[in-house]
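Novice: Sharing a structure below in C-alpha cells format, with a few things to ask.
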C-alpha cells in the first residue's frame with residue numbers, strides 16, 4: 001500500500017493527493033465519509049456503511065434482475081462490484097432461462113385460434129423461409145410490471161438488431177403465447193399472409209436489347225430473295241434483261257428464254273439441231289445471239 005499526501009483542494013470539492021516517490025497525483029471526493037475519516041469518527045463511518053447495505057438488499061437485487069435488468073446494470077446503478085450482485089442474481093438468471101425454454105413449447109395464438117405447432121417450431125420454420133440462421137437467435141424472458149412473463153427473441157439482420165416479444169400464459173399442453181409487437185406477429189403469421197415472392201433476373205436498361213431470332217429470320221429471307229438494286233449482281237441482271245427485251249434482228253420486243261437449271265453449254269451439234277426447224281415457222285433467236293446482239297446467219 002502506497003502512502004499519499006494531500007497537495008491541494010479543488011473548488012468542486014475534490015481533494016488532490018500525490019505519491020511522493022512516483023510523483024503521481026490522485027483525486028478523491030470530499031464527501032461526508034472522507035470528513036468522518038479525517039475526524040476519526042468511526043461510529044459515523046459504520047452508520048454510513050449500514051445505510052449503503054440497506055439500499056442493496058438481496059430481495060431488491062433479485063427483483064431488478066427478474067424485471068429484465070442485467071448484472072452489469074444493477075452493479076453500475078448501485079456503485080458496487082459485480083461479485084456482490086452475482087451472488088444474488090444467479091438463481092433469478094436460471095429462472096429466466098428456464099421460463100424462456102418452457103415458453104418455446106407453448107402454442108402461439110393467431111386470429112383463428114392457437115396453432116397446433118409450438119412457438120419454437122413456427123419461428124424456426126419462418127426463419128427457414130426467410131433464409132436466416134435460426135441458431136444465432138437468442139431467447140430470454142423476464143417478468144413485466146403486470147407480473148406476467150414476457151418472452152423475447154433477439155437476432156441480427158445486416159446491421160440491425162431486431163427483438164420480438166410475446167406474453168407467456170402457462171397452462172395445459174405447454175400453454176400459449178400472444179404477440180406483443182409487429183416482429184412477433186410476423187414470425188407467427190408472416191409465412192401465411194405474405195409468402196416469399198420469386199425474384200427475377202436483373203435487367204440492365206442502359207444496354208440495347210438484342211433482336212430476337214424471329215425478327216432476324218425474316219430479314220435474312222428478304223435480303224436473299226430481293227437483293228438491293230445497287231449491288232453488282234442486280235445491275236448485271238437488270239442490264240441483261242434490257243438487252244434481251246429489244247432484239248436488233250427481230251425488231252420487236254421478245255422475252256428472253258429461261259436458262260436451264262443445269263450449268264451446261266450448248267455443243268455445236270445441239271446448236272444446229274436447235275437452229276433447224278420446220279419450214280414456215282419463225283426461227284427464235286438463240287440465247288447466245290440475244291446476249292451478244294449478233295444477227296443470226298440462218299437459211
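Novice: Checking residue 124 against (1) at positive phi; (2) under 33 Å from the mean Cα position of the chain (by Cα), which test does it fail?
Specialist: All conditions pass for residue 124, except number (1).
Novice: Restricting to the stretch 131-144, name every residue that is in contact (Cβ under 8 Å) with a residue 24 or more places away in the chain and closer than 17 Å to residue 108 by Cβ.
Specialist: Residues satisfying the conditions are 139, 141.
Bear in mind that the values in this text are calculations on the coordinates, not laboratory data. Computed from a predicted structure; not experimentally measured. Note: ideal-geometry Cβ built from the backbone for every residue, glycine included; neighbour counts use all protein chains shown.
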